[in-house]
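The values are calculated or read from the model by the stated rules, or taken from the named source; none is laboratory data. On a predicted model such as this, the values are computed, not experimentally measured, just so you know. Note: ideal-geometry Cβ built from the backbone for every residue, glycine included; neighbour counts use all protein chains shown. Please note that ligands, DNA and RNA were not included when accessible areas were found on the heavy atoms of the full protein model with its side chains. Shrake-Rupley method; radii C 1.70, N 1.55, O 1.52, S 1.80 Å.
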Amino acid sequence: GIQVEQSPPDLILQEGANSTLRCNFSDSVNNLQWFHQNPWGQLINLFYIPSGTKQNGRLSATTVATERYSLLYISSSQTTDSGVYFCAVNNAGNMLTFGGGTRLMVKP
Amino acid sequence: SQTIHQWPATLVQPVGSPLSLECTVEGTSNPNLYWYRQAAGRGLQLLFYSVGIGQISSEVPQNLSASRPQDRQFILSSKKLLLSDSGFYLCASRWGGGTGELFFGEGSRLTVL
C-alpha cells in the first residue's frame, strides 16, 4: 500500500515564528487532506488539497502531486496552533492512509 | 458539511465487560463510514469501514466488531473488552467515495481497567 511520511516528527516554536511541515507519499493520489488534532483530541479539517495551493488565514498548503509531496505552512504561530498535524492520502479505493503526524508545541 | 456525533465521550469499563460506541452522521446521505483507533496519542489505525447498510470491512483482526443498521448510523461493539482495547476511538464520514473529504466526530475515550 501507499506509504505516507511526515516530517519533522516533533517541532517546538516560539510564538510568532513560522514553520513548514512536510508530507511525502509513495504513489499518486486523488485525495490529500491536512488535519489538526487539538490537545482535546478533536481532529479538525485544515485543507482538502490533492493538488495546487490553498490559503486560510495564517495557514496555507501546497501539494505537488507530480513530485509526491505536500507542505503545510504556519505563519506567525500562536499557542493555539499546538497539537498534532496529520497528512492523509487516498490513492485507490475508499481508505485514507495517514502519516505518523507532526507534534507541534508553540511556547508563549 | 457533515456533522458526526459520537457517544459516549468518555467510558471506563472493566475487563470482560461489553462495549457499544455509537456514531451518527448529519448533513449527508449514503456516506462511507469509518472507525479509527488512536492508542499512542499519535497514529490512527483504521479498524472498520462501511460503504452501505450492513456492509462492513475489517482492516485488522481484533476483539471488536462493527455494524451499520441504518444509513447514517455506525456502531462499534465488543462482547468482552480486553485491556488492549483502551484508546481513543474516532468515527469518520466521507461522501463521494475515494475523492471525498473525510470528517471526524469528537471521539470516544475508552479506558479498560
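Being of a type outside the set (Phe, Trp, Tyr) and within 17 Å of residue B:43 (Cβ to Cβ) is the filter; apply it to the range A:12-25 and report the residue that is most open to solvent (accessible area, probe 1.4 Å).
Looking only at the range A:12-25, we keep the residues that are of a type outside the set (Phe, Trp, Tyr), and these are A:12-24.
Those left that are additionally within 17 Å of residue B:43 (Cβ to Cβ): A:21, A:23-24.
Details: A:21: 0, A:23: 0, A:24: 58 Å².
Per the criteria, the residue is A:24.
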Could you tell me which of the residues A:56, A:31, A:45, A:38 is touching a Pro at 6+ places or on another chain (Cβ under 6 Å) and either open to solvent by 50 Å² or more (accessible area, probe 1.4 Å) or among the polar types (S, T, N, Q) (or both)? A:31
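Based on this model, can you work out whether residue A:100 counts as assigned to a loop (DSSP other than H, G, I, E, B), out of contact with any strand residue (DSSP E or B) (no Cβ under 7 Å at 6 or more places or on another chain), within 13 Å of another protein chain (Cβ to nearest Cβ) and open to solvent by 30 Å² or more (accessible area, probe 1.4 Å)? Show your work before the answer.
Values: assigned to a loop (DSSP other than H, G, I, E, B): yes; out of contact with any strand residue (DSSP E or B) (no Cβ under 7 Å at 6 or more places or on another chain): no; within 13 Å of another protein chain (Cβ to nearest Cβ): yes; open to solvent by 30 Å² or more (accessible area, probe 1.4 Å): yes.
Answer is no for this residue.
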Of these, B:16, B:54, B:107, B:27, which one is under 11 Å from the mean Cα position of the chain (by Cα) and at positive phi? B:107
Somewhere in the range B:94-108, is a residue in a loop (DSSP other than H, G, I, E, B), more than 11 Å from chain A (Cβ to nearest Cβ) and either at pLDDT 95 or above or buried (at least 20 other Cβ atoms within 10 Å of the Cβ) (or both)? no
Please work out which residue is least open to solvent (accessible area, probe 1.4 Å), limiting yourself to the range B:54-73 and to residues that are more than 26 Å from residue A:101 (Cα to Cα) and hydrophobic (A, V, I, L, M, F, W, C). B:66
What are the residues in the range B:10-53 that are away from chain A (no Cβ under 14 Å) and either aromatic (Phe, Trp, Tyr) or open to solvent by 60 Å² or more (accessible area, probe 1.4 Å) (or both), if any? B:12, B:14, B:15, B:18, B:20, B:26, B:29, B:53
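With respect to residue B:77, is the statement that it is surrounded by fewer than 16 Cβ atoms within 10 Å (Cβ to Cβ), within 10 Å of the chain's Cα centre (by Cα) and assigned to a strand (DSSP E or B) true? Walk me through how you get there before you give the answer.
Values: surrounded by fewer than 16 Cβ atoms within 10 Å (Cβ to Cβ): yes; within 10 Å of the chain's Cα centre (by Cα): yes; assigned to a strand (DSSP E or B): yes.
Yes; evaluated as a whole, the condition is true for this residue.
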Give the residues of the range A:59-96 that are open to solvent by 60 Å² or more (accessible area, probe 1.4 Å) and assigned to a strand (DSSP E or B), sorted by residue number. A:73
For the range B:44-74, the count of residues that are outside any loop (DSSP other than H, G, I, E, B) and among the β-branched types (Val, Ile, Thr) equals 2
Any residue at all in the range A:56-71 that is more than 14 Å from chain B (Cβ to nearest Cβ), basic (Lys, Arg) and under 15 Å from the mean Cα position of the chain (by Cα)? yes
